[in-house]
Amino acid sequence: MDFGGQYNQLIARRVRECNVYCEVHPYNVELDKLKEMNLKGIIFTGGPNSVYAEGSPLCGKEVFRLGVPVLGICYGSQLMAHLLGGKVSTAPVSEYGKTEVDVDNSQALFQGVSPKTICWMSHTDYIEKAPEGFAVTAHTPVCPVAGMECAKKGLYAVQFHPEVMHTQEGMKMLHNFVRDICGCKGDWKMDSFVEASIKAIREKVGSGKVLCALSGGVDSSVAAVLLAKAIGRQLTCVFVDHGLLRKNEGDEVEEVFGPDGAYDLNFVRVNAQERFYAKLAGVVDPEQKRKIIGEEFIRVFEEEAKKIGAVDYLVQGTIYPDVIESGLGKSAVIKSHHNVGGLPDCVDFKEIIEPLRLLFKDEVRKAGLELGIPEKLVFRQPFPGPGLGVRIVGEVTAEKVRIVQDADAIYREEIGRTGLDKGLGQYFAALTNMRSVGVMGDERTYDYAVALRAVETSDFMTAEAVHLPWEVLDAVTSRIVNEVKGVNRVLYDCTGKPPGTIEFE
Ligand code: XMP
(Lines give C-alpha, C1' and ligand atoms only; values in the text may rest on other atoms or scores of the structure.)
Protein backbone atom coordinates (compact mmCIF):
# COMPACT_ATOMS: atom_id res chain seq x y z
CA MET A 1 0.00 0.00 0.00
CA ASP A 2 1.46 3.26 -1.20
CA PHE A 3 1.73 6.09 1.32
CA GLY A 4 3.61 8.33 -1.06
CA GLY A 5 7.21 7.22 -0.54
CA GLN A 6 9.73 7.56 -3.32
CA TYR A 7 10.75 3.91 -3.09
CA ASN A 8 7.26 2.39 -3.37
CA GLN A 9 7.82 0.68 -6.72
CA LEU A 10 11.27 -0.38 -5.68
CA ILE A 11 9.71 -2.36 -2.84
CA ALA A 12 7.41 -4.05 -5.36
CA ARG A 13 10.36 -4.83 -7.55
CA ARG A 14 12.35 -6.35 -4.68
CA VAL A 15 9.39 -8.54 -3.81
CA ARG A 16 9.19 -9.68 -7.43
CA GLU A 17 12.90 -10.45 -7.20
CA CYS A 18 11.93 -12.93 -4.47
CA ASN A 19 9.75 -14.54 -7.18
CA VAL A 20 6.61 -13.33 -5.52
CA TYR A 21 4.07 -11.26 -7.40
CA CYS A 22 3.41 -7.80 -6.06
CA GLU A 23 1.29 -4.81 -6.98
CA VAL A 24 1.27 -1.27 -5.63
CA HIS A 25 -2.11 0.18 -4.66
CA PRO A 26 -2.92 3.55 -3.14
CA TYR A 27 -3.13 3.71 0.65
CA ASN A 28 -6.88 4.34 0.49
CA VAL A 29 -7.65 1.25 -1.59
CA GLU A 30 -11.05 -0.10 -0.58
CA LEU A 31 -11.10 -2.89 1.92
CA ASP A 32 -13.41 -4.94 -0.29
CA LYS A 33 -10.93 -4.68 -3.12
CA LEU A 34 -8.17 -5.93 -0.85
CA LYS A 35 -10.36 -8.83 0.21
CA GLU A 36 -10.89 -9.86 -3.40
CA MET A 37 -7.19 -9.94 -4.17
CA ASN A 38 -6.35 -13.27 -2.59
CA LEU A 39 -3.59 -11.57 -0.66
CA LYS A 40 -0.73 -13.30 1.05
CA GLY A 41 0.65 -10.20 2.71
CA ILE A 42 0.64 -6.42 2.77
CA ILE A 43 3.51 -3.96 2.88
CA PHE A 44 3.01 -0.34 3.90
CA THR A 45 5.48 1.88 2.07
CA GLY A 46 7.23 4.91 3.46
CA GLY A 47 6.03 8.42 2.82
CA PRO A 48 6.97 12.03 3.47
CA ASN A 49 4.27 12.82 6.06
CA SER A 50 3.94 12.70 9.82
CA VAL A 51 1.27 10.30 11.02
CA TYR A 52 0.00 12.80 13.58
CA ALA A 53 -0.25 15.73 11.13
CA GLU A 54 -3.60 16.76 9.72
CA GLY A 55 -4.38 15.32 6.30
CA SER A 56 -1.73 12.60 6.42
CA PRO A 57 -2.51 9.45 4.48
CA LEU A 58 -4.03 6.97 6.92
CA CYS A 59 -5.74 3.65 6.56
CA GLY A 60 -8.23 1.91 8.82
CA LYS A 61 -7.24 -0.63 11.45
CA GLU A 62 -9.30 -3.25 9.61
CA VAL A 63 -6.28 -3.84 7.39
CA PHE A 64 -4.63 -5.56 10.33
CA ARG A 65 -7.57 -7.94 10.61
CA LEU A 66 -7.50 -9.28 7.06
CA GLY A 67 -5.67 -12.35 8.32
CA VAL A 68 -2.45 -11.70 6.38
CA PRO A 69 0.88 -10.45 7.71
CA VAL A 70 1.62 -6.74 7.39
CA LEU A 71 5.06 -5.16 7.14
CA GLY A 72 5.35 -1.43 7.73
CA ILE A 73 8.35 0.38 6.32
CA CYS A 74 9.44 3.84 7.55
CA TYR A 75 6.24 5.96 7.53
CA GLY A 76 4.42 2.62 7.26
CA SER A 77 6.02 1.44 10.51
CA GLN A 78 5.08 4.67 12.26
CA LEU A 79 1.54 4.36 10.97
CA MET A 80 1.29 0.85 12.36
CA ALA A 81 2.50 2.07 15.74
CA HIS A 82 0.18 5.10 15.64
CA LEU A 83 -2.93 3.10 14.72
CA LEU A 84 -2.30 0.44 17.34
CA GLY A 85 -1.67 2.68 20.32
CA GLY A 86 2.09 3.24 20.22
CA LYS A 87 3.68 6.68 20.31
CA VAL A 88 5.16 8.44 17.30
CA SER A 89 6.90 11.80 17.66
CA THR A 90 9.57 13.99 16.12
CA ALA A 91 12.93 12.39 16.80
CA PRO A 92 15.38 14.56 18.75
CA VAL A 93 17.94 13.70 16.07
CA SER A 94 16.87 12.70 12.57
CA GLU A 95 18.75 9.87 10.94
CA TYR A 96 19.72 9.96 7.31
CA GLY A 97 21.95 7.62 5.40
CA LYS A 98 23.75 4.38 6.16
CA THR A 99 23.31 3.54 9.81
CA GLU A 100 24.41 0.59 11.90
CA VAL A 101 21.36 -1.06 13.40
CA ASP A 102 21.29 -3.65 16.17
CA VAL A 103 18.79 -6.35 15.29
CA ASP A 104 17.46 -9.33 17.17
CA ASN A 105 18.07 -12.08 14.67
CA SER A 106 16.14 -14.64 16.65
CA GLN A 107 13.02 -12.90 15.32
CA ALA A 108 11.38 -14.05 12.10
CA LEU A 109 12.02 -10.94 10.02
CA PHE A 110 15.72 -10.90 10.83
CA GLN A 111 16.50 -14.61 10.50
CA GLY A 112 19.99 -14.97 9.09
CA VAL A 113 20.75 -11.25 9.39
CA SER A 114 23.92 -10.15 11.24
CA PRO A 115 23.24 -8.73 14.72
CA LYS A 116 24.79 -5.43 13.66
CA THR A 117 23.80 -4.56 10.13
CA ILE A 118 24.01 -1.47 7.94
CA CYS A 119 20.62 -0.09 6.99
CA TRP A 120 19.43 2.97 5.11
CA MET A 121 17.64 5.43 7.38
CA SER A 122 15.73 8.48 6.28
CA HIS A 123 13.39 9.83 8.95
CA THR A 124 12.62 12.80 11.13
CA ASP A 125 9.82 11.13 13.10
CA TYR A 126 10.33 7.92 15.02
CA ILE A 127 8.42 5.42 17.09
CA GLU A 128 9.04 6.51 20.65
CA LYS A 129 7.10 3.63 22.11
CA ALA A 130 5.91 0.45 20.44
CA PRO A 131 2.22 -0.51 20.90
CA GLU A 132 1.21 -3.04 23.56
CA GLY A 133 2.01 -6.60 22.63
CA PHE A 134 4.88 -5.63 20.30
CA ALA A 135 8.47 -6.70 20.86
CA VAL A 136 11.19 -4.26 19.88
CA THR A 137 13.40 -6.12 17.42
CA ALA A 138 15.88 -3.48 16.30
CA HIS A 139 17.30 -0.19 17.51
CA THR A 140 20.07 2.35 16.95
CA PRO A 141 21.59 4.73 19.49
CA VAL A 142 19.07 7.40 18.48
CA CYS A 143 16.13 5.28 17.38
CA PRO A 144 14.70 3.16 20.17
CA VAL A 145 12.31 1.26 17.89
CA ALA A 146 14.02 0.67 14.54
CA GLY A 147 12.12 -2.59 14.28
CA MET A 148 9.14 -4.11 16.09
CA GLU A 149 6.86 -7.08 15.71
CA CYS A 150 3.84 -8.79 17.10
CA ALA A 151 4.27 -12.24 15.58
CA LYS A 152 0.97 -13.47 17.03
CA LYS A 153 -0.91 -10.93 14.94
CA GLY A 154 1.47 -11.12 12.00
CA LEU A 155 2.57 -7.50 12.29
CA TYR A 156 6.12 -6.38 11.52
CA ALA A 157 7.73 -3.01 11.12
CA VAL A 158 11.08 -1.44 10.30
CA GLN A 159 12.03 2.21 10.48
CA PHE A 160 14.72 1.82 7.80
CA HIS A 161 14.36 0.95 4.12
CA PRO A 162 15.10 -2.72 3.40
CA GLU A 163 14.39 -2.17 -0.30
CA VAL A 164 17.31 0.15 -1.07
CA MET A 165 20.68 -1.30 -1.91
CA HIS A 166 22.42 0.53 0.93
CA THR A 167 20.59 -1.72 3.39
CA GLN A 168 23.09 -4.49 3.08
CA GLU A 169 20.84 -7.33 4.21
CA GLY A 170 17.54 -5.79 3.13
CA MET A 171 16.81 -8.47 0.54
CA LYS A 172 17.19 -11.12 3.23
CA MET A 173 14.62 -9.31 5.36
CA LEU A 174 12.14 -8.95 2.50
CA HIS A 175 12.72 -12.57 1.57
CA ASN A 176 12.02 -13.58 5.16
CA PHE A 177 8.83 -11.57 5.08
CA VAL A 178 7.33 -12.71 1.80
CA ARG A 179 8.56 -16.28 1.76
CA ASP A 180 8.68 -17.36 5.40
CA ILE A 181 6.27 -15.07 7.18
CA CYS A 182 3.65 -14.72 4.42
CA GLY A 183 4.31 -18.25 3.18
CA CYS A 184 4.56 -17.39 -0.52
CA LYS A 185 6.01 -20.22 -2.54
CA GLY A 186 8.22 -18.03 -4.71
CA ASP A 187 7.23 -19.59 -8.01
CA TRP A 188 6.27 -16.36 -9.75
CA LYS A 189 8.24 -15.58 -12.87
CA MET A 190 8.03 -13.02 -15.65
CA ASP A 191 6.01 -15.48 -17.70
CA SER A 192 3.38 -15.30 -14.98
CA PHE A 193 3.30 -11.55 -15.51
CA VAL A 194 2.92 -12.04 -19.24
CA GLU A 195 0.16 -14.59 -18.81
CA ALA A 196 -1.70 -12.55 -16.21
CA SER A 197 -1.43 -9.41 -18.34
CA ILE A 198 -2.76 -11.16 -21.41
CA LYS A 199 -5.70 -12.43 -19.44
CA ALA A 200 -6.38 -9.03 -17.87
CA ILE A 201 -6.15 -7.27 -21.25
CA ARG A 202 -8.61 -9.72 -22.82
CA GLU A 203 -11.06 -9.21 -20.00
CA LYS A 204 -10.77 -5.45 -20.16
CA VAL A 205 -10.88 -4.99 -23.91
CA GLY A 206 -13.55 -7.56 -24.76
CA SER A 207 -14.30 -7.04 -28.42
CA GLY A 208 -13.10 -3.41 -28.41
CA LYS A 209 -10.67 -1.73 -30.80
CA VAL A 210 -7.21 -0.77 -29.61
CA LEU A 211 -4.70 1.67 -31.06
CA CYS A 212 -0.99 1.67 -30.32
CA ALA A 213 1.71 4.16 -31.33
CA LEU A 214 4.71 2.02 -32.07
CA SER A 215 8.16 3.58 -32.11
CA GLY A 216 10.24 0.44 -32.45
CA GLY A 217 11.78 1.17 -29.04
CA VAL A 218 11.76 -1.50 -26.36
CA ASP A 219 8.82 -0.26 -24.35
CA SER A 220 6.31 0.33 -27.09
CA SER A 221 7.38 -2.92 -28.81
CA VAL A 222 6.84 -5.02 -25.70
CA ALA A 223 3.50 -3.31 -25.05
CA ALA A 224 2.43 -3.91 -28.65
CA VAL A 225 3.37 -7.59 -28.63
CA LEU A 226 1.62 -8.14 -25.33
CA LEU A 227 -1.52 -6.60 -26.83
CA ALA A 228 -1.12 -8.52 -30.07
CA LYS A 229 -0.90 -11.81 -28.17
CA ALA A 230 -3.96 -10.88 -26.18
CA ILE A 231 -6.28 -9.49 -28.83
CA GLY A 232 -4.67 -9.96 -32.25
CA ARG A 233 -6.41 -8.04 -35.01
CA GLN A 234 -8.40 -5.86 -32.67
CA LEU A 235 -5.09 -4.03 -32.34
CA THR A 236 -3.75 -1.51 -34.85
CA CYS A 237 -0.18 -0.30 -34.47
CA VAL A 238 0.73 2.95 -36.12
CA PHE A 239 4.42 3.45 -36.75
CA VAL A 240 5.37 6.97 -37.77
CA ASP A 241 8.69 7.11 -39.56
CA HIS A 242 9.69 10.72 -39.00
CA GLY A 243 12.88 10.37 -41.00
CA LEU A 244 14.95 10.83 -37.86
CA LEU A 245 15.49 7.16 -37.09
CA ARG A 246 18.80 5.32 -37.15
CA LYS A 247 19.94 3.80 -40.41
CA ASN A 248 17.52 1.10 -41.63
CA GLU A 249 15.55 1.27 -38.41
CA GLY A 250 12.23 1.92 -40.10
CA ASP A 251 12.58 -1.22 -42.20
CA GLU A 252 13.68 -3.24 -39.19
CA VAL A 253 10.56 -2.24 -37.30
CA GLU A 254 8.44 -3.14 -40.31
CA GLU A 255 10.15 -6.51 -40.61
CA VAL A 256 9.17 -7.41 -37.05
CA PHE A 257 5.70 -5.91 -36.92
CA GLY A 258 4.64 -5.61 -40.56
CA PRO A 259 2.65 -8.09 -42.65
CA ASP A 260 5.63 -10.45 -43.02
CA GLY A 261 6.43 -10.33 -39.32
CA ALA A 262 5.61 -12.79 -36.60
CA TYR A 263 2.60 -11.08 -35.13
CA ASP A 264 -1.03 -11.07 -36.04
CA LEU A 265 -1.91 -7.40 -35.83
CA ASN A 266 -2.81 -4.50 -38.08
CA PHE A 267 0.31 -2.52 -38.87
CA VAL A 268 0.34 0.93 -40.46
CA ARG A 269 3.63 2.54 -41.40
CA VAL A 270 3.52 6.21 -42.22
CA ASN A 271 6.49 7.53 -44.13
CA ALA A 272 6.36 11.12 -43.03
CA GLN A 273 10.00 12.06 -43.57
CA GLU A 274 9.35 14.89 -46.00
CA ARG A 275 6.76 16.48 -43.75
CA PHE A 276 9.14 16.55 -40.82
CA TYR A 277 12.05 17.90 -42.85
CA ALA A 278 9.82 20.64 -44.25
CA LYS A 279 8.68 21.69 -40.78
CA LEU A 280 12.24 21.66 -39.47
CA ALA A 281 13.74 23.66 -42.32
CA GLY A 282 15.62 26.69 -41.02
CA VAL A 283 14.93 25.91 -37.34
CA VAL A 284 18.01 25.88 -35.11
CA ASP A 285 16.70 26.31 -31.57
CA PRO A 286 16.83 22.94 -29.76
CA GLU A 287 13.61 23.38 -27.80
CA GLN A 288 11.75 24.58 -30.87
CA LYS A 289 13.01 21.57 -32.81
CA ARG A 290 11.80 19.22 -30.09
CA LYS A 291 8.41 20.90 -30.01
CA ILE A 292 8.02 20.79 -33.78
CA ILE A 293 8.90 17.10 -33.91
CA GLY A 294 6.57 16.28 -31.01
CA GLU A 295 3.69 18.25 -32.49
CA GLU A 296 4.11 16.98 -36.01
CA PHE A 297 4.21 13.48 -34.60
CA ILE A 298 0.85 14.03 -32.99
CA ARG A 299 -0.61 15.49 -36.19
CA VAL A 300 0.49 12.50 -38.26
CA PHE A 301 -0.71 10.05 -35.67
CA GLU A 302 -4.03 11.86 -35.41
CA GLU A 303 -4.59 11.70 -39.15
CA GLU A 304 -3.97 7.97 -39.15
CA ALA A 305 -6.14 7.44 -36.13
CA LYS A 306 -8.99 9.26 -37.89
CA LYS A 307 -8.75 6.83 -40.77
CA ILE A 308 -9.09 3.95 -38.34
CA GLY A 309 -12.10 5.57 -36.70
CA ALA A 310 -13.09 5.67 -33.05
CA VAL A 311 -11.14 3.30 -30.86
CA ASP A 312 -11.92 2.10 -27.40
CA TYR A 313 -8.43 2.03 -25.98
CA LEU A 314 -5.07 3.65 -26.58
CA VAL A 315 -1.96 1.71 -25.59
CA GLN A 316 1.02 3.45 -24.08
CA GLY A 317 4.37 1.86 -23.39
CA THR A 318 4.79 3.86 -20.18
CA ILE A 319 7.17 2.17 -17.79
CA TYR A 320 7.73 2.86 -14.14
CA PRO A 321 10.57 5.40 -14.39
CA ASP A 322 8.37 7.49 -16.73
CA VAL A 323 5.70 7.46 -14.07
CA ILE A 324 8.06 8.85 -11.44
CA GLU A 325 9.53 11.44 -13.76
CA SER A 326 6.22 12.80 -14.91
CA GLY A 327 4.88 12.60 -11.36
CA LEU A 328 7.52 14.91 -9.93
CA GLY A 329 6.19 17.85 -11.84
CA LYS A 330 8.29 20.41 -9.96
CA SER A 331 11.71 19.98 -11.45
CA ALA A 332 13.03 22.47 -13.95
CA VAL A 333 12.53 21.67 -17.61
CA ILE A 334 15.93 20.75 -18.99
CA LYS A 335 14.50 19.33 -22.19
CA SER A 336 10.89 18.86 -23.13
CA HIS A 337 10.91 15.10 -23.39
CA HIS A 338 8.97 13.55 -26.13
CA ASN A 339 7.69 10.05 -25.80
CA VAL A 340 5.66 8.43 -28.45
CA GLY A 341 3.17 7.59 -25.76
CA GLY A 342 2.25 11.18 -25.00
CA LEU A 343 -0.76 11.37 -27.26
CA PRO A 344 -3.92 11.04 -25.23
CA ASP A 345 -5.63 14.29 -26.26
CA CYS A 346 -5.68 13.77 -29.96
CA VAL A 347 -7.64 10.59 -30.38
CA ASP A 348 -11.18 9.73 -29.56
CA PHE A 349 -10.86 6.86 -27.12
CA LYS A 350 -12.34 5.61 -23.88
CA GLU A 351 -9.35 4.67 -21.82
CA ILE A 352 -5.58 4.23 -21.83
CA ILE A 353 -3.97 0.84 -21.36
CA GLU A 354 -0.47 0.91 -19.88
CA PRO A 355 0.47 -2.72 -19.41
CA LEU A 356 4.07 -1.98 -18.37
CA ARG A 357 3.55 0.87 -15.97
CA LEU A 358 4.71 -1.15 -12.99
CA LEU A 359 7.91 -2.49 -14.52
CA PHE A 360 11.46 -1.25 -14.56
CA LYS A 361 13.41 -1.27 -17.80
CA ASP A 362 15.21 -4.55 -17.16
CA GLU A 363 11.91 -6.16 -16.21
CA VAL A 364 10.39 -4.88 -19.47
CA ARG A 365 13.28 -6.52 -21.30
CA LYS A 366 12.66 -9.79 -19.47
CA ALA A 367 9.00 -9.60 -20.45
CA GLY A 368 10.07 -8.92 -24.05
CA LEU A 369 12.24 -12.02 -24.14
CA GLU A 370 9.45 -14.01 -22.56
CA LEU A 371 7.18 -12.82 -25.39
CA GLY A 372 9.69 -14.01 -27.97
CA ILE A 373 10.65 -10.55 -29.27
CA PRO A 374 14.02 -10.66 -31.09
CA GLU A 375 16.97 -9.91 -28.81
CA LYS A 376 18.17 -7.25 -31.15
CA LEU A 377 15.03 -5.30 -30.42
CA VAL A 378 14.79 -6.16 -26.74
CA PHE A 379 18.32 -4.94 -26.00
CA ARG A 380 18.11 -1.94 -28.23
CA GLN A 381 19.75 1.16 -26.81
CA PRO A 382 17.60 3.96 -25.56
CA PHE A 383 16.70 6.23 -28.45
CA PRO A 384 15.05 9.58 -27.86
CA GLY A 385 11.58 10.25 -29.26
CA PRO A 386 12.82 13.18 -31.40
CA GLY A 387 15.46 10.81 -32.76
CA LEU A 388 18.35 12.17 -34.75
CA GLY A 389 16.70 15.58 -34.52
CA VAL A 390 18.52 16.01 -31.19
CA ARG A 391 21.75 14.51 -32.51
CA ILE A 392 22.09 17.03 -35.30
CA VAL A 393 23.16 20.33 -33.83
CA GLY A 394 21.46 23.21 -35.63
CA GLU A 395 19.22 22.90 -38.64
CA VAL A 396 18.06 19.44 -39.67
CA THR A 397 18.23 18.59 -43.35
CA ALA A 398 17.88 15.32 -45.24
CA GLU A 399 21.57 15.52 -46.11
CA LYS A 400 22.62 15.89 -42.48
CA VAL A 401 20.37 13.01 -41.50
CA ARG A 402 22.11 10.85 -44.07
CA ILE A 403 25.53 11.83 -42.70
CA VAL A 404 24.72 11.11 -39.09
CA GLN A 405 22.91 7.86 -39.96
CA ASP A 406 25.91 6.56 -41.88
CA ALA A 407 28.46 7.66 -39.28
CA ASP A 408 26.38 6.17 -36.47
CA ALA A 409 25.95 2.87 -38.32
CA ILE A 410 29.72 2.57 -38.70
CA TYR A 411 30.31 3.44 -35.07
CA ARG A 412 27.80 0.84 -33.89
CA GLU A 413 29.17 -1.75 -36.25
CA GLU A 414 32.73 -1.28 -35.01
CA ILE A 415 31.72 -1.27 -31.36
CA GLY A 416 29.71 -4.44 -32.01
CA ARG A 417 32.70 -6.06 -33.71
CA THR A 418 34.87 -5.56 -30.62
CA GLY A 419 32.18 -6.96 -28.34
CA LEU A 420 32.30 -3.74 -26.32
CA ASP A 421 28.59 -3.20 -26.89
CA LYS A 422 27.72 -5.71 -24.18
CA GLY A 423 27.29 -3.70 -21.06
CA LEU A 424 28.16 -0.35 -22.63
CA GLY A 425 25.59 2.26 -21.60
CA GLN A 426 24.60 4.43 -24.53
CA TYR A 427 26.73 5.31 -27.52
CA PHE A 428 26.02 7.09 -30.77
CA ALA A 429 27.34 9.51 -33.33
CA ALA A 430 26.09 13.07 -33.51
CA LEU A 431 26.63 15.74 -36.10
CA THR A 432 28.11 18.99 -34.89
CA ASN A 433 27.23 22.18 -36.66
CA MET A 434 30.90 22.83 -37.29
CA ARG A 435 32.63 22.66 -40.60
CA SER A 436 36.37 22.87 -40.82
CA VAL A 437 39.14 22.75 -43.35
CA GLY A 438 40.82 19.46 -44.14
CA VAL A 439 42.76 17.85 -46.90
CA MET A 440 41.89 14.71 -48.80
CA GLY A 441 44.00 13.44 -51.66
CA ASP A 442 45.54 16.71 -52.72
CA GLU A 443 42.27 18.59 -52.38
CA ARG A 444 41.11 21.05 -49.77
CA THR A 445 37.91 19.99 -48.01
CA TYR A 446 35.50 22.04 -45.96
CA ASP A 447 33.25 19.51 -44.27
CA TYR A 448 31.40 18.61 -41.10
CA ALA A 449 32.81 17.24 -37.85
CA VAL A 450 31.09 14.17 -36.44
CA ALA A 451 31.14 13.70 -32.66
CA LEU A 452 31.23 10.24 -31.12
CA ARG A 453 29.77 9.76 -27.68
CA ALA A 454 29.73 6.80 -25.30
CA VAL A 455 28.49 7.04 -21.73
CA GLU A 456 28.07 4.78 -18.76
CA THR A 457 25.02 5.47 -16.68
CA SER A 458 22.85 3.62 -14.27
CA ASP A 459 19.88 5.95 -14.18
CA PHE A 460 20.36 8.37 -17.12
CA MET A 461 20.26 11.27 -14.65
CA THR A 462 24.03 11.31 -14.41
CA ALA A 463 26.56 9.75 -16.76
CA GLU A 464 30.26 9.44 -17.33
CA ALA A 465 32.11 9.35 -20.62
CA VAL A 466 33.54 5.92 -21.38
CA HIS A 467 37.29 5.51 -21.95
CA LEU A 468 36.98 3.74 -25.28
CA PRO A 469 40.16 2.01 -26.47
CA TRP A 470 42.15 4.17 -28.83
CA GLU A 471 42.31 1.46 -31.50
CA VAL A 472 38.52 1.39 -31.67
CA LEU A 473 38.25 5.16 -31.97
CA ASP A 474 40.96 5.10 -34.58
CA ALA A 475 39.23 2.45 -36.66
CA VAL A 476 35.87 4.21 -36.44
CA THR A 477 37.40 7.57 -37.36
CA SER A 478 39.18 6.20 -40.34
CA ARG A 479 36.07 4.47 -41.64
CA ILE A 480 33.83 7.50 -41.11
CA VAL A 481 36.08 9.98 -42.93
CA ASN A 482 36.61 7.53 -45.75
CA GLU A 483 33.08 6.23 -46.16
CA VAL A 484 30.80 9.09 -45.18
CA LYS A 485 30.73 11.87 -47.70
CA GLY A 486 30.63 15.32 -46.14
CA VAL A 487 32.73 14.49 -43.04
CA ASN A 488 36.41 15.33 -42.67
CA ARG A 489 36.87 15.29 -38.90
CA VAL A 490 35.82 13.03 -36.02
CA LEU A 491 35.77 14.18 -32.40
CA TYR A 492 35.24 12.20 -29.20
CA ASP A 493 33.04 13.72 -26.51
CA CYS A 494 34.69 13.36 -23.08
CA THR A 495 32.01 15.29 -21.19
CA GLY A 496 30.01 13.74 -18.38
CA LYS A 497 26.46 14.57 -17.34
CA PRO A 498 26.41 17.01 -15.68
CA PRO A 499 27.61 19.33 -17.09
CA GLY A 500 26.68 17.86 -20.49
CA THR A 501 23.52 15.96 -21.21
CA ILE A 502 23.62 12.58 -22.91
CA GLU A 503 22.05 13.81 -26.11
CA PHE A 504 23.37 16.93 -27.80
CA GLU A 505 20.15 18.93 -27.74
P1 XMP B 1 19.64 13.55 -21.76
O2 XMP B 1 20.05 14.02 -23.12
O3 XMP B 1 18.46 14.30 -21.21
O4 XMP B 1 19.14 12.06 -22.00
O5 XMP B 1 20.79 13.48 -20.81
C6 XMP B 1 18.85 11.14 -20.97
C7 XMP B 1 18.26 9.90 -21.61
O8 XMP B 1 16.99 10.20 -22.16
C9 XMP B 1 16.97 9.97 -23.56
N10 XMP B 1 16.21 11.06 -24.13
C11 XMP B 1 14.91 10.95 -24.50
N12 XMP B 1 14.08 9.88 -24.48
N13 XMP B 1 12.37 11.21 -25.38
C14 XMP B 1 12.82 10.03 -24.94
O15 XMP B 1 12.05 9.06 -24.95
C16 XMP B 1 13.14 12.33 -25.43
O17 XMP B 1 12.71 13.40 -25.84
C18 XMP B 1 14.49 12.18 -24.97
N19 XMP B 1 15.54 13.04 -24.87
C20 XMP B 1 16.58 12.33 -24.35
C21 XMP B 1 18.43 9.97 -23.98
O22 XMP B 1 18.62 9.19 -25.15
C23 XMP B 1 19.08 9.36 -22.77
O24 XMP B 1 18.95 7.96 -22.77
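A few comments on the model shown:
- Taking amide hydrogens as placed 1.01 Å from N in the peptide plane, the amide H of residue 359 sits under 5 Å from those of 320, each at least 5 positions away in sequence or on another chain.
- Taken as Cα centroids, region 278-321 and region 173-229 sit 27 Å apart, rounded to the nearest whole angstrom.
- Taking a straight line from the alpha carbon of residue 279, these aspartates and glutamates sit under 18 Å away, with near neighbours fewer than eight places off in the same chain left out: 241, 287, 295, 296, 302, 303, 395, 399, 505.
- Value of D in µm² per second that Stokes-Einstein yields for the chain, Kirkwood Rh from Cα pairs, at 20 °C (1.002 mPa s): 84 µm²/s
- Between residue 352 and residue 493, the contour length at 0.36 nm per residue exceeds the alpha carbon distance by 46.8 nm.
- Karplus-derived HN-Hα couplings along region 130-145 (A = 6.51, B = -1.76, C = 1.60, θ = phi - 60°), whole Hz, x at Gly and Pro: 6, x, 3, x, 9, 9, 7, 10, 7, 7, 10, x, 10, 10, x, 10
- Solvent exposure of region 390-505 amounts to 49 Å² per residue of accessible area, where only protein heavy atoms count and the probe is 1.4 Å.
- Working note: Karplus 6.51/-1.76/1.60 with θ = phi - 60° gives region 164-181 the couplings 8, 4, 5, 7, 4, 10, x, 5, 4, 5, 5, 4, 4, 5, 6, 8, 8, 6 Hz, where Gly and Pro are set to x.
- The Cα atoms of region 461-505 cover 35, 24, 12 Å along the three principal axes, with the biggest extent listed first.
- Range in the chain, longest, excluding exposed chymotrypsin sites (Phe, Trp or Tyr not before Pro) [loop by DSSP; at most 14 other beta-carbon atoms within 10 Å]: 53-378
- Spatially proximal aspartates and glutamates relative to residue 129 (Cα-Cα < 13 Å; intrachain offsets below 8 disregarded): 149
- Per-residue ellipticity at 222 nm computed for the chain from its helices equals -9500 deg cm²/dmol, with DSSP H segments shorter than 4 residues left out and the rest contributing -39,500 (n - 2.57).
- Residue-by-residue Karplus 3J(HN,Hα) for region 102-113, coefficients 6.51, -1.76, 1.60, Hz, glycine and proline x: 8, 10, 8, 7, 8, 8, 4, 5, 10, 3, x, 8
- Take every Cα pair under 8 Å whose residues are at least 6 apart in sequence, average their separation, divide by the length of region 197-313, and the relative contact order is 29 percent.
- Ligands, DNA and RNA left out, the accessible area of region 9-106 computed with a 1.4 Å probe is 46% carbon and sulfur.
- Spin-label pair residue 54-residue 116: with each label point 7 Å from Cα along the Cα-Cβ axis, the two points sit 4.6 nm from one another.
- Whole-angstrom gap from region 370-399 to region 34-96, using each part's C-alpha centre: 44 Å
- Computed on region 100-152, with alpha-carbon pairs under 8 angstrom and 6+ residues apart, the relative contact order is 32 percent.
- Taking amide H as placed 1.01 Å from N in the peptide plane, residue 463 has its amide H under 5 Å from the amide H of 497, each at least 5 places away in sequence or on another chain.
- Amide H to amide H, with H built 1.01 Å from N, residue 88 comes under 5 Å of 128, counting only residues 5 or more places away or on other chains.
- Taking trypsin sites (Lys or Arg not before Pro) as exposed when DSSP calls them loop and at most 13 other C-beta atoms lie within 10 angstrom, the chain has its longest site-free stretch at 1-184.
- Relative contact order, percent, the chain [alpha-carbon distance under 8 Å, six or more residues apart]: 10 percent
- Label point 7 Å beyond Cα of residue 483 along Cβ direction - residues of region 394-418 with amide nitrogen under 17 Å: 402-418
The values are calculated or read from the model by the stated rules, or taken from the named source; none is laboratory data. Remember, predicted model here, so these are calculated numbers, not experimental data. So basically every Cβ, Gly included, is an ideal-geometry build from the backbone, and we count neighbours across all protein chains shown. Calculation scope for accessible area: heavy atoms of the full protein, side chains included, ligands and nucleic acids excluded. Shrake-Rupley method; radii C 1.70, N 1.55, O 1.52, S 1.80 Å.
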